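Data block below; observations after.
The values are calculated or read from the model by the stated rules, or taken from the named source; none is laboratory data. Nothing here was measured: the structure is a model prediction, and the numbers come from that model. No Cβ is skipped: glycine too gets one built from the backbone with ideal geometry, and neighbour counts run over all protein chains shown. Note: areas computed on protein heavy atoms with side chains; ligands, DNA, RNA excluded. Shrake-Rupley method; radii C 1.70, N 1.55, O 1.52, S 1.80 Å.
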Amino acid sequence: MKFNSFCSIVLAVYAAFCIMPAVAQEPYPTRPIKMLVGIPPGGAPDVAARLIGKYLSDALGSPVVIENRTGVNGNLASEAAAKARPDGYTLLLAADSGIVINPHVYTKMSFDPRKDLVPITSVAANQFILAVNPKLPVQTLPEFIDYARKANPPLAFASGGPGSQHYFAMQILKQRAGIDFLSVTYRGGTPSMLATVAGETQVLFAGGESAGQFGGGTLRGLAVSGKHRSKRFPNLPTIGEFYPGYEVDIWLGLFAPAGTPEPIIAKLRKEVQTLLARPDVTEKLNVSGSLEPLILSPEEFSALIHKDDDKFGKLVKEFDIKID
């Protein structure tokens, strides 16, 4: 009996090892994929996620479901992704702030996005538009700076909060121009834009998804935050034309939980970068959110993350920004 039991165990173990390669080689994906986004619908990461998700669904043959999990400057979505099973069925479309700013700003985080998330690929790049409510009696950036310096009480500035790129863009401008603002926090770029349109606040750094507001006259654009003028708004100067060296660009990336198998990461990277190279996808990204495809190698994307992590780590210390 003992011999028979021993043989049974050996056969069971052998069978398990025979089955394991078949399981490991199961094609991916075989069920819906969830893509988390840390901001409300309408913002640049959401625009990119829905567009990429649609095309990725067709390319992979499985639905990609977008889930907006907002709060704590994207930390709720990032944490959910970081703690998800690393099997390729939970992804995160993140703005750079969630990866390279939040870890320096928030003193209490139950995860580290730089360690608990693995980059799949860069997705898109963007820049902000410094915009005001059209009732403000300014037409140009110099006029705005002069008006803001004299404003008493200070003008109200809308942003996604101290951990957001919008906030840092204004902090740098405040420092360079010698002005002050009353900071008002909203749950992302779109709510900030709506607040400025409504007159609750007077100024914001708007994302490209707010483009329709400029043509309709509900916002007045004064300048762009990037190194170069915007293709979408070529008549707007860069802030750097008035304050040399000023530059705030934004990137979006696709991430997965650390430990996700490399073949899955590689497959997703290949499919997304193939999509981003298509002219029709490029056009839709630009029209929907003034986004430009950002196609980098894994090494280049990793270098960008490390560079910005270092940059914002220094800025957080300089501006003494901490959130418990």
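Filter region 244-266 for residues that are open to solvent by 20 Å² or more (accessible area, probe 1.4 Å), more than 26 Å from D112 (Cβ to Cβ) and not small (G, A, S) and give the result.
Of everything in region 244-266, those that are open to solvent by 20 Å² or more (accessible area, probe 1.4 Å), more than 26 Å from D112 (Cβ to Cβ) and not small (G, A, S) turn out to be P244, E247.
Tally time: how many residues in region 164-186 are out of contact with any strand residue (DSSP E or B) (no Cβ under 7 Å at 6 or more places or on another chain), surrounded by fewer than 24 Cβ atoms within 10 Å (Cβ to Cβ) and assigned to a loop (DSSP other than H, G, I, E, B)?
3
Considering each of A94, A59, A131 in turn, give the residue that is aliphatic (A, V, I, L, M), in contact with a Lys or Arg (Cβ under 9 Å, 6 or more places away or on another chain) and either in a strand (DSSP E or B) or open to solvent by 30 Å² or more (accessible area, probe 1.4 Å) (or both).
A131
Every residue in region 267-280 that is free of Cβ contacts under 8 Å to residues at least 40 places away in the same chain and either closer than 25 Å to D112 by Cα or open to solvent by less than 80 Å² (accessible area, probe 1.4 Å) (or both), please.
Across region 267-280, the qualifying residues are A277, D280.
So which residues in region 294-313 are within 18 Å of I172 (Cα to Cα) and open to solvent by less than 60 Å² (accessible area, probe 1.4 Å)?
Of everything in region 294-313, those that are within 18 Å of I172 (Cα to Cα) and open to solvent by less than 60 Å² (accessible area, probe 1.4 Å) turn out to be D308, D309, F312, G313.
Just one of G189, G161 is open to solvent by less than 50 Å² (accessible area, probe 1.4 Å), under 28 Å from P257 (Cβ atoms) and touching a His at 6+ places or on another chain (Cβ under 8 Å); which is it?
After applying the criteria, what remains is G189.
Kindly indicate whether any position in region 289-299 is over 15 Å from L93 (Cβ atoms), assigned to a helix (DSSP H, G or I) and not charged (D, E, K, R).
Yes; the residues of region 289-299 include at least one that is over 15 Å from L93 (Cβ atoms), assigned to a helix (DSSP H, G or I) and not charged (D, E, K, R).
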